[in-house]
Amino acid sequence: MLKIDNYHSLSIEERQKQQEYIDDVFGDIDFIKKRQWAHPDFVFAFKQEDDLFSFFNLIIREATFDDKKTKIAGVANAVTPKHYRGKGYASQLLTQAQPVIFKQLKVEHALLLCTDDLTDFYQHLGWYKVNSKVQFQQGNDIEHYQANTLLLSPNEPIYPKNINLNGLPW
């Protein structure tokens, strides 16, 4: 049921369907509408044939944590279509994805920019909140993320003071 695809190998129809689900969840948020976003490298999904139960996009990036280059996995657009919510698909997907993210993709940490209403959900899955100053690129400018930043680490938690995403956010 867990399926991992290179984002660029998805068909136009698959990308459009995912974008419809993403817009349904995040499309009314001004912060999101007014910014440019990184394109995913991978899509992790629970699906069976054409039935998409839950998915998230993943961006692999070398970010900077307190002046140290750090290979991270940026988790973006975690979505469960309305008719599948409340059945545990997102929790299972995020949990089953961890060994792939840390062991196969060999990232040091996963990073999620998160809304207030979802912070508790992710914290129950092992993510932890950091009070880092997070910066990202927008055109020729640098902006700072003001909301929740969550990390997931394979070993001990870290709490960097500064995080530079070194590119567009996700």
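The values are calculated or read from the model by the stated rules, or taken from the named source; none is laboratory data. Small disclaimer: the values here were computed from a predicted structure and weren't measured. As a convention, Cβ positions derive from the backbone with ideal geometry for all residues, glycine included, and neighbour counts pool all protein chains shown. Calculation scope for accessible area: heavy atoms of the full protein, side chains included, ligands and nucleic acids excluded. Shrake-Rupley method; radii C 1.70, N 1.55, O 1.52, S 1.80 Å.
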Next on the checklist: If I filter region 107-114 for residues that are more than 15 Å from the chain's Cα centre (by Cα) and either surrounded by 18 or more Cβ atoms within 10 Å (Cβ to Cβ) or in a loop (DSSP other than H, G, I, E, B) (or both), do I get at least one hit?
Outcome noted: no
Checklist entry - So which residues in region 25-51 are within 20 Å of Lys87 (Cα to Cα) and at pLDDT below 90, if there are any at all? => result Val25, Lys47, Gln48, Glu49, Asp50, Asp51
Next on the checklist: Take the residues in region 74-87 that are in a loop (DSSP other than H, G, I, E, B) and open to solvent by less than 30 Å² (accessible area, probe 1.4 Å); name whichever of them is farthest from Leu111 (Cα to Cα).
Outcome noted: Pro81
Next on the checklist: If I go through region 22-48 residue by residue, how many of them are out of contact with any helix residue (DSSP H, G or I) (no Cβ under 7 Å at 6 or more places or on another chain), open to solvent by 40 Å² or more (accessible area, probe 1.4 Å) and in a helix (DSSP H, G or I)?
Outcome noted: 6
Checklist entry - Just checking, how many residues over region 120-170 are in contact with a strand residue (DSSP E or B) (Cβ under 8 Å, 6 or more places away or on another chain), farther than 19 Å from Lys69 by Cβ, of a type outside the set (A, V, I, L, M) and not in a loop (DSSP other than H, G, I, E, B)? => result 8
